[in-house]
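K.L.:
I'd like to ask you about the structure that follows.
The values are calculated or read from the model by the stated rules, or taken from the named source; none is laboratory data. Note that this is a predicted model, so its numbers are computed, not measured. Heads up, the Cβs are rebuilt from the backbone with ideal geometry, glycines too, and the neighbour counts pull from every protein chain shown.
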Amino acid sequence: MDGLMCKKRGRPFAEATKTKVSIRLSPEVLDALRATGKGWQTRVDELLRKEMGL
């Protein structure tokens, strides 16, 4: 296999990674967030950033 390039597996390295945390939310809030579909955790991050002026 001379001259062949191997692809790296997995997710590409991100410059700005997020930190995994655990928070408690009311069932109603969690249900509403999950009802928005795939990517709800990213939308939570966006909502918090907007509210905090970041």
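K.L.:
Does segment 1-12 contain any residue that is free of Cβ contacts under 8 Å to residues at least 12 places away in the same chain and not in a loop (DSSP other than H, G, I, E, B)? Write out each step before concluding.
P.N.:
Within segment 1-12, the first condition is being free of Cβ contacts under 8 Å to residues at least 12 places away in the same chain, and the residues that meet it are 1-12.
Right, trim to not in a loop (DSSP other than H, G, I, E, B) and you get none.
Looking through segment 1-12, none of the residues is free of Cβ contacts under 8 Å to residues at least 12 places away in the same chain and not in a loop (DSSP other than H, G, I, E, B).
K.L.:
Follow-up. If you take the residues of segment 9-47 that are modelled with pLDDT under 90 and small (Gly, Ala, Ser), which of them is farthest from the chain's Cα centre (by Cα)?
P.N.:
Gly10
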